[in-house]
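J.: I am attaching a structure below and will ask some questions about it afterwards.
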Amino acid sequence: RVWSNIGTEHNGPHWLQKHARHFQAAVRIALEEEFFVVPKPSPAGIEREWRLDFHNAEKKIIDNKGVAKPVTKILKLFRSNNAPLKSLSSYSLKTIVMDMIRDDPANHWPESDIAHLFLSALEHLMLKLDQGKIDFFFDSMANNLRGKLLEPIVQENMVQFLKRSISKLKTSQNT
């Protein structure tokens, strides 16, 4: 399952084929480079878990789409400054942005859209939290939400916080 999200022999992952050629080339080359196996945080009492880490490919995905990197940084800053979201991992937020890039290949993430893209990322995060799953980008069978985040009350608190925050941000946009 994971390999179909990483690449095929000639063309790379199917989702990548919808993107511009320079983007495809950068990501495909990065996927052919090294990857790592890294420990994943596990809930207490569960044996250590591991995941694949395609750092170079993730960097190419983020760096080759306009303001994707600044949007990711703003998401992390927003998380760090809002108590209900503090237990979200940085990787989960990065995954939200990579999901958006994968799902909308025509979007070039222009600087003029940074506020809209940030709000879209918050909405995507809210949807994923409501579903109880932020898929690992290269393996949809792995859930980035682990341990206490999976408790329904914590999850629901995050979703409700994001609903209120998104509403306030939309109201104050362009003022």
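The values are calculated or read from the model by the stated rules, or taken from the named source; none is laboratory data. Here the structure is a predicted model, which is why all the values come from computation and not from measurement. No Cβ is skipped: glycine too gets one built from the backbone with ideal geometry, and neighbour counts run over all protein chains shown. Keep in mind that these areas ignore ligands, DNA and RNA; they rest on the heavy atoms of the full protein, side chains included. Shrake-Rupley method; radii C 1.70, N 1.55, O 1.52, S 1.80 Å.
J.: At 27 angstrom or more along the helix axis (alpha-carbon based) and mean Kyte-Doolittle of -0.5 or higher, what helices does the chain contain? Whole DSSP H runs only.
T.: 152-172
J.: Ignoring ligands and nucleic acids, what accessible area does I74 show with a 1.4 Å probe (Å², nearest 10)?
T.: Surface accessible to solvent at I74 totals approximately 60 Å².
J.: Another question, if that's okay. Under the definition of Cα pairs under 8 Å and six or more residues apart, what whole-number percent is the relative contact order of the chain?
T.: 21 percent.
J.: What number, in percent, do you get for the relative contact order of the range 84-175 if the mean sequence gap of Cα pairs under 8 Å and at least 6 apart is divided by its residue count?
T.: Once normalised by length, the contact order is 34 percent.
J.: When the solvent-accessible surface of protein heavy atoms is calculated with a 1.4 angstrom probe, in what order do W50, W109 fall, highest first?
T.: Ranked list, largest accessible area first: W50, W109.
J.: Another one. For the range 42-175, what is the accessible area per residue in Å², given a 1.4 Å probe and the full set of protein chains?
T.: Per-residue accessible area for the range 42-175 comes out at 52 Å².
J.: Then there's this: For M141, what accessible surface area do you get with a 1.4 Å probe? Give it in Å², rounded to 10.
T.: Estimated to the nearest 10 Å², M141 gives 120 Å².
J.: Choose one answer from E49, E58, E156: the residue with the largest mean-square fluctuation in a GNM of the chain with alpha-carbon springs under 10 Å.
T.: Highest fluctuation among the options: E49.
J.: Next up: Within the range 62-99, what residues put their amide N at less than 20 Å from the label point 7 Å along the Cα-to-Cβ vector of H116?
T.: Zone members listed by number: 64-75, 97-99.
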